[in-house]
1. Test of understanding: among L210, L239, L175, L226, which residue is of a type in the set (A, V, I, L, M, F, W, C) and crowded, with 22+ Cβ neighbours inside 10 Å?
2. Among the residues in the range 227-235, are any among the small types (G, A, S) and in a loop (DSSP other than H, G, I, E, B)?
3. Scan the range 187-199 and give yes if some residue there is part of a loop (DSSP other than H, G, I, E, B), assigned by TED's automatic domain parsing to the domain that holds P135 and either modelled with pLDDT of 95 or more or over 21 Å from P135 (Cβ atoms) (or both), otherwise no.
4. List pairs: first residue in the range 55-70 and at positive phi, second residue of a type outside the set (A, V, I, L, M) anywhere in the structure, Cβ distance under 7 angstrom, at least six positions apart or on different chains.
5. Any idea which of (1) part of a loop (DSSP other than H, G, I, E, B); (2) at pLDDT below 90 is the one V54 doesn't satisfy?
6. Being in the same structural domain as V26 (by TED's automatic domain parsing), outside any loop (DSSP other than H, G, I, E, B) and more than 16 Å from V26 (Cβ to Cβ) narrows it down to one of A64, A49, so name that one.
Amino acid sequence: MAQRSSIARPVSDPSGAPRTRPVASVARALALLDALCDSEQGLGVNELARRIAVSPSTASRLLATLEAAGMVQRDGLGPFRLGLGLVTLADRVLARLDIRALARPVLVELMERTGETATLSIPGEREAITVDSVPSRSSVVSMARLGRPSVAHATAVGKVMLAFGGGPLPRERDLRALTERTITDRAKLEAEVLAVRKRGYGTVFGERELDVNAIAAPVFDRAGGLAAILGLQGPSNRLGDPARLLADLRDGAATLTRALGGRH
């Protein structure tokens, strides 16, 4: 008599659409990983078997397979824990993420909720670069231009980069006055950057362009580094206090941080 294959075969659901019958051994292996994910100290074979409702011998075979692939690990005969092979898989997934594609719906929602121009900037060695934006419907001309570098000491995005990017402050001679409100004193800039780091966002009031106010917040990657910066900007006669947009901006930054596998 022919042996039955354990490979999943397509079947039909009640609506007639094809679906796949789950492979029991794969489902059990995934259940083991889920159980280990919920345990900080690790779990033994018998406890894992109980949690996924299989015999200890079945759990032992599944764990041996996962251990060989680096998905789980243990010290000697100690409890099983999640393995470093999962980190490699996660890194490969995250490396393929296009931050602009992930951020696009966040930018659209920010513009819709606030009515102001929403921007996405990527931190560089000395300045952040605007890589995407959704212009306000109330502005005749967009104030955000793709590829435009921030001015570290005169923009909300630049201040966030200085606060969370880990780079040095600009030298005194580089603190050019772009308007009468631009910070040109290094001690004052240092105090401003410390304030941005403490409160978690940066603002400007006509410091790059007299008639433009803005607010920006950091987006973090899974390693806790600065991955991007979300900003909102508008004319000063309409956006007198950018901080009124803070709740929406923080929601957007938290959403994008989670999409990148980070914690906000």
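The values are calculated or read from the model by the stated rules, or taken from the named source; none is laboratory data. Here the structure is a predicted model, which is why all the values come from computation and not from measurement. FYI the Cβ positions are ideal-geometry reconstructions off the backbone, even for glycines, and counts take in every protein chain you see.
1. L239
2. To start, the set of residues in the range 227-235 that are among the small types (G, A, S) comprises 227-228, 231, 234.
Filter again for in a loop (DSSP other than H, G, I, E, B), leaving none.
Checked against the condition, which is being among the small types (G, A, S) and in a loop (DSSP other than H, G, I, E, B), the range 227-235 yields no hits at all.
3. Within the range 187-199, not a single residue is part of a loop (DSSP other than H, G, I, E, B), assigned by TED's automatic domain parsing to the domain that holds P135 and either modelled with pLDDT of 95 or more or over 21 Å from P135 (Cβ atoms) (or both).
4. Every condition considered, the pairs that remain are G70/G83; G70/G85.
5. For V54, the exception is condition (2).
6. Going through A64, A49 in turn, the sole match is A49.
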